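Q: Submitted below is the structure of interest, expressed as structure tokens.
The values are calculated or read from the model by the stated rules, or taken from the named source; none is laboratory data. It should be emphasised that the depicted structure is a prediction, and the values quoted were computed from it without experimental measurement. Note: ideal-geometry Cβ built from the backbone for every residue, glycine included; neighbour counts use all protein chains shown. Areas reflect the complete protein model, heavy atoms only, side chains present, ligands, DNA and RNA absent. Shrake-Rupley method; radii C 1.70, N 1.55, O 1.52, S 1.80 Å.
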Amino acid sequence: MDKNMLISKSKDVKKNIIEMIYEAKSGHPGGSLSCADIITYLYYNEMNVNPLDCKDENRDRFVLSKGHAAPALYSVLAEKGYFEKSELLGLRKIGRILQGHPDSKKIPGVDLSTGSLGQGISNAVGMALGLRYLGEKSKVYVVLGDGELEEGIVWEALMSAAHYKLNNLVAIIDNNGLQIDGRNEEVMEIDPLDKKLEAFGWNVVICEDGNDFDNIDKAFKEIRLEKNKPSIIIAKTIKGKGVSFMEDKAGWHGQAPNKEERDKAIKELGGI
């Protein structure tokens, strides 16, 4: 792991997120920033992917089940070279490829269209089953939001993955503790997550800081040891990570910054 490279790249990804949402005047900065470090790690250190051949049958697959955090995925894909970075400023604009949720028919590198919460992890289970049937060694990685776990379809998918012992499926929960209406425990309690997930038959690893690359790397090294069941990382993150006035604020779930807020955020992330 090249930690310095990952830190630098993650800052670029987060700056892109702010710029995109500011330009679009709408979007979801809080949850995009909280999972940006995880997605950066996946594409730059974990997954077998090639932007020059994004349909390679031997590639690993990525599913953003929390599809509203699309700016984080778009930013990483652009930084990796799947499409021109100039496309980022076309976020949510008519006639452009980057809409509010990922679209696999229009966007190079997007393996699955997502948006309806819970359907991403469900499709990921199907992908993992399909890869096993075909005898492929590829893995499927899926990022979920913790508020998303309130969807019943998520638990049906988790149960299925354990039943079929899908050791080629890795899920990461962006556990930032907040959703659009407030704190998880106030809207719908989801803890104790680790015990629930273990009871559903998953290999569970807790990442105490999902915005720190040493912690992320340690968690992924641990799950690589599991050979007989699907693995899930509970990554404790901070909503709005990297921008002080957005951090741990439910109000930044789906609010675009104004120019003053945009300038301040970019400065905190290291400038233009």
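Q: Taking only DSSP H segments of four or more residues, each worth -39500 (n - 2.57), what value at 222 nm results for the chain once the sum is divided by all its residues, to the nearest 500 deg cm²/dmol? Please report the intermediate quantities before stating the final value.
A: Working: 9 runs with 106 residues, N = 272.
Rounded to the nearest 500, the figure is -12000 deg cm²/dmol.
Q: Given a Förster radius of 25 Å and the C-beta distance between K25 and N48 as r, what FRET efficiency does 1/(1 + (r/R0)^6) yield to the nearest 0.05? Kindly include the intermediate steps, with their values, before the conclusion.
A: Details: r = 37 Å, r/R0 = 1.48.
Taking R0 as 25 Å, the efficiency between K25 and N48 is 0.10.
Q: Turning to a different aspect of this structure: Classify segment 171-272 as rounded, prolate or oblate, taking a ≥ b ≥ c as the square roots of the eigenvalues of its Cα gyration tensor: rounded when a/c is under 1.5, otherwise prolate if a/b is larger than b/c and oblate if not. Write out the running numbers ahead of the final one.
A: Details: a/c = 3.72, a/b = 1.67, b/c = 2.23.
Judged from the Cα gyration tensor, segment 171-272 comes out oblate (a/c at least 1.5, b/c at or above a/b).
Q: Could I ask something else about it? Can you pull the percent of the chain's accessible area that's carbon plus sulfur, 1.4 Å probe, other chains left in place? Provide the component values of the computation, followed by the final result.
A: Values: 5660 of 11910 Å².
For the chain, the apolar C and S fraction of the accessible surface comes to 48 percent.
Q: Then there's this: For labels at K55 and K137 in the simple 7 Å Cα→Cβ model, what's the distance in nm?
A: So the label points at K55 and K137 sit 2.5 nm apart.
Q: Same structure, new question: If you average the sequence gap of Cα pairs under 8 Å that are 6 or more apart and divide by the length of the chain, what percent do you get for the contact order?
A: Reported as a whole number, the value is 24 percent.
Q: Please compute the per residue accessible area over segment 114-263 with all protein chains in place, 1.4 Å probe, rounded to a whole number of Å². Write out the running numbers ahead of the final one.
A: Values: 6940 Å² over 150 residues.
Ligands and nucleic acids excluded, the figure is 46 Å² per residue.
Q: Taking every pair of alpha-carbon atoms in the chain, give the share separated by more than 32 Å as a whole percent. Before the final figure, lay out the partial values.
A: On the way: 5905 of 36856 pairs.
Result for the distance tail: 16 percent.
Q: Given labels modelled 7 Å from the Cα in the Cβ direction, how far is it in nm from W155 to A199?
A: In this crude label model, W155 to A199 measures out at 0.8 nm.
Q: What full-extension length gain, to one decimal in nm, is calculated for K93 and E208 as 0.36 nm per residue of separation minus the Cα-Cα distance?
A: Details: separation 115, 0.36 × 115 = 41.40 nm, distance 3.72 nm.
That works out to 37.7 nm of additional length.
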